[in-house]
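Below is one structure, written out as structure tokens, with a few remarks after it.
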Number of protein chains: 2
Amino acid sequence: MPTLPHLFPSPETRGRVVVTDVALRDGLQNQPQHVGTAGKAALLRALAAAGVPSIEATSFVSPKAVPQMADATAMIAEALALAPLRASALAPNLKGLERAVAAGTKEVAVVLSCTETMNRKNINMSLGEATRVGCETLRAARAQGLATRGYLAVAFECPFEGPTPPERVLALGLALLDAGADEIVIADTIGAAGPAQVQQLLGRLLPQLPVDRLGLHLHDTRGMGVANAYAGLELGVRRFDASAGGLGGCPFAPGASGNVATEDLVLMLEQSGFATGISLPALASAVDLAGELLGRPLGGHSMPWLRRQIARAAAESRAGREEFPGR
Amino acid sequence: MPTLPHLFPSPETRGRVVVTDVALRDGLQNQPQHVGTAGKAALLRALAAAGVPSIEATSFVSPKAVPQMADATAMIAEALALAPLRASALAPNLKGLERAVAAGTKEVAVVLSCTETMNRKNINMSLGEATRVGCETLRAARAQGLATRGYLAVAFECPFEGPTPPERVLALGLALLDAGADEIVIADTIGAAGPAQVQQLLGRLLPQLPVDRLGLHLHDTRGMGVANAYAGLELGVRRFDASAGGLGGCPFAPGASGNVATEDLVLMLEQSGFATGISLPALASAVDLAGELLGRPLGGHSMPWLRRQIARAAAESRAGREEFPGR
């Protein structure tokens, strides 16, 4: 694998950022093509080989509701073989948690939508019921020694109710923290926010939710995913979700867009002086693999540039030269 | 033309940002297809109709060197008919300025690359000679009452020399200001910067170059164009170049990417509380026209989302309903 000796000198070294790749869960769960377990396991290994430190590997939702995730137990077994990789799985409720624990899962994520209508449409529960179920799942997971992430979905805007009140997000975040969430992940599920909205919401949350326990889950629907991540970064957020190749979004909604692409996020982070531990050339190979599995080309906005750098580095490596002009 | 009643409520009203669309110059000058004057004039009118307040309409370079710009005089005549539109033209030297003045141009842009090698490769001059020519062109333009913009190309990174020293950019910027540039435009010509680099360079420039006379010209090569604009915005920059549809980049360099797309920039600015005066639906029509002229689909990262909103607003308008869910 060629290395990219030079992206652009960052002005300073600013520490470490943890990137969680969610391509295997948020990315694949809505795809019309069902990728088989062998293909998913290969993608999991490729992401881990690229140095991705944290991967949302699967979801213990009902296989009837989301058949793409029916192989959750097998996927966790694959992930466990890749220790010390942090591999998490979504557990929607106590029943899902039971399956997750039986599979040996060490970290679970619980998702709570911030609006009444989204919970009704998504899981046929009121916001109150969904909060109760989310909290009891988190408590049970912690009681069994699992690490936990609490997602707050549609934290910026709900497709049914419009902008989400920041007070609501704060209250639900505090409830999930109290119930035992190690991390609170603020999710722009439909990709509605811009950087000013990230600033505004984080400005409301940060005095009461510790920034080192906050993550951002961003979608790139309006082309502002990387700018939004940067806005969070400037406010001290050091945990971000992303999806290799920008995978995600509903293929039945024309033009729907997926999560911010892991390669775009990592490039921005590394150029900003943050260490991610992720190799961009190896990540690009994982993106190519994901594209092969889905039978269509994938890649974030930086991918054409990245492919050129990789080809160039490989050619220079073959030529035995050390010099690398860096563009 | 449908309106988009709701993007996302911005947290505050933060004033006005001036966007200069450069699709007709930076966008078209390297395209293999030569768009005829009638097509260019139609695009100019479409951009003006969308409310774009400032357009770089053409370049008075040698028609032998850049045949795409041979109709510069005709394009200026078209632009003058659209007053009070701010229409500028590139004037590479005194000879170009003479043609620009003869055509009735009211605002000229002068480009100076920040490195020795880039000037040699681009215009066969040393950095010293290029600086002298740029300054004398600016002085002559000001003496004739023209408004002036001074571009500093490869201000972040040069494809031949690597990262550009910020001290150099500052010195050249001060030289152009002294020579009579009304605005200094800091150009990331190859799209190498990330937001941390924008912060770093502006941090060096701003104490000595007044921020209200600074603009940013960003390319989206690495997918960080909007994030970079946001970084500039946070430091007080209120002038940005962009190109409708993200047009630009050399079509002979596979994967090369153009300027940050005007629609992506405007969406971010408006969602951040800034007024641009630009109608996104009308801008999308201009992008579609540019795509027809070039025979290939164009559009920034936000374009699929934007097209959905426009179709939806149009459908709701037809249905006579006022409600607009906003996603």
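Worth a mention:
- Matching residues in region A:93-114 - criterion: being in contact with a helix residue (DSSP H, G or I) (Cβ under 7 Å, 6 or more places away or on another chain) and either of a type in the set (S, T, N, Q) or in contact (Cβ under 8 Å) with a residue 40 or more places away in the chain (or both): A:Asn93, A:Leu94, A:Leu97, A:Ala103, A:Thr105, A:Val108, A:Val110, A:Leu112, A:Ser113, A:Cys114
- Just one of the listed residues (B:Ala181, B:Ala130, B:Ala171, B:Ala192) is without any contact (Cβ under 8 Å) to a residue 24 or more places away in the chain, surrounded by 24 or more Cβ atoms within 10 Å (Cβ to Cβ) and either within 11 Å of chain A (Cβ to nearest Cβ) or of a type in the set (A, V, I, L, M, F, W, C) (or both), and it is B:Ala130.
- Among the residues of region B:219-248, those that are assigned to a helix (DSSP H, G or I) and small (Gly, Ala, Ser) comprise B:Gly225, B:Ala227, B:Ala229, B:Ala231, B:Gly232, B:Ala244, B:Gly245, B:Gly246.
- Among the residues of region B:269-320, those identified as under 15 Å from A:Ser257 (Cβ atoms) and at the interface with chain A (Cβ under 9 Å from one of its Cβ atoms) are B:Gly300, B:His301, B:Ser302, B:Met303, B:Pro304, B:Trp305, B:Leu306, B:Arg307, B:Arg308.
- Within region B:79-92, the set of residues being assigned to a loop (DSSP other than H, G, I, E, B) and either over 26 Å from B:Pro159 (Cβ atoms) or of a type in the set (A, V, I, L, M) (or both) comprises B:Ala81, B:Leu82, B:Ala83, B:Pro84, B:Leu85, B:Ala91.
- When A:Gly232, A:Gly215, A:Gly277, A:Gly248 are screened for being under 16 Å from A:Val154 (Cα atoms), at pLDDT 95 or above and under 17 Å from the mean Cα position of the chain (by Cα), only A:Gly215 passes.
- Close pairs (7 angstrom Cβ cut-off, 6 or more residues apart or separate chains): within 17 Å of A:Ala286 (Cβ to Cβ) in region A:28-40, assigned to a loop (DSSP other than H, G, I, E, B) and of a type in the set (Ser, Thr, Tyr) anywhere: none
- Among the conditions (1) closer than 22 Å to B:Ser88 by Cβ; (2) of a type outside the set (Val, Ile, Thr); (3) in a helix (DSSP H, G or I), B:Leu216 misses just one, which is (3).
- Of all residues making up region A:255-306, the number that are closer than 23 Å to A:Gln29 by Cα, free of Cβ contacts under 8 Å to residues at least 12 places away in the same chain and assigned to a helix (DSSP H, G or I): 2
- Residue satisfying all of: in region A:23-45; closer than 21 Å to A:Asp241 by Cβ and in a loop (DSSP other than H, G, I, E, B); modelled with the highest pLDDT among these: A:Val35
- With respect to the conditions (1) facing chain A (nearest Cβ under 9 Å); (2) touching a residue at least 60 places away in the same chain (Cβ under 8 Å), B:Ala229 lacks only one, and its number is (2).
Quick grid of which residues meet (1) closer than 25 Å to A:Arg307 by Cβ; (2) at pLDDT 95 or above; (3) not hydroxyl-bearing (Ser, Thr, Tyr):
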| position | (1), (2), (3) |
| --- | --- |
| B:Gly255 | yes, no, yes |
| B:Val260 | yes, yes, yes |
| B:Gln271 | no, yes, yes |
| B:Ala290 | no, yes, yes |
| B:Ala314 | no, no, yes |
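For every residue, the table says whether it meets (1) surrounded by 18 or more Cβ atoms within 10 Å (Cβ to Cβ); (2) touching a helix residue (DSSP H, G or I) at 6+ places or on another chain (Cβ under 6 Å); (3) closer than 25 Å to B:Glu12 by Cα; (4) of a type in the set (Gly, Ala, Ser).
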site: B:Ser272; (1), (2), (3), (4): yes, yes, yes, yes
site: B:Gly277; (1), (2), (3), (4): no, no, yes, yes
site: B:Leu283; (1), (2), (3), (4): yes, yes, yes, no
site: B:Val287; (1), (2), (3), (4): yes, yes, no, no
site: B:Gly291; (1), (2), (3), (4): no, no, no, yes
site: B:Gly299; (1), (2), (3), (4): yes, yes, no, yes
site: B:Ser302; (1), (2), (3), (4): yes, yes, yes, yes
site: B:Leu306; (1), (2), (3), (4): yes, yes, yes, no
site: B:Ala315; (1), (2), (3), (4): no, no, no, yes
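- Scanning region A:133-147 for residues that are within 18 Å of A:Leu209 (Cβ to Cβ) and either buried (at least 24 other Cβ atoms within 10 Å of the Cβ) or without any contact (Cβ under 8 Å) to a residue 24 or more places away in the chain (or both) returns A:Gly134, A:Leu138.
- Residues of region B:120-136 that turn out to be at pLDDT below 95 and closer than 15 Å to B:Leu174 by Cα, as a count: 0
- Residues in region B:7-24 that are more than 13 Å from chain A (Cβ to nearest Cβ) and surrounded by 15 or more Cβ atoms within 10 Å (Cβ to Cβ): 7 in all.
- In region B:199-210, residue nearest to the other protein chains (Cβ to nearest Cβ) [restricted to those that are without any contact (Cβ under 8 Å) to a residue 40 or more places away in the chain and surrounded by 18 or more Cβ atoms within 10 Å (Cβ to Cβ)]: B:Gln200
- One residue stands out among those in region B:153-168 that are of a type in the set (Asp, Glu) and within 11 Å of chain A (Cβ to nearest Cβ): the one that is farthest from B:Leu90 (Cα to Cα), which is B:Glu161.
- Out of B:Leu247, B:Leu214, sole residue that is of a type outside the set (Gly, Ala, Ser), under 18 Å from A:His301 (Cβ atoms) and more than 12 Å from chain A (Cβ to nearest Cβ): B:Leu247
The values are calculated or read from the model by the stated rules, or taken from the named source; none is laboratory data. These numbers come from a predicted model, not from an experiment. Cβ: placed from backbone, ideal geometry, glycine included. Neighbour counts: every protein chain shown.
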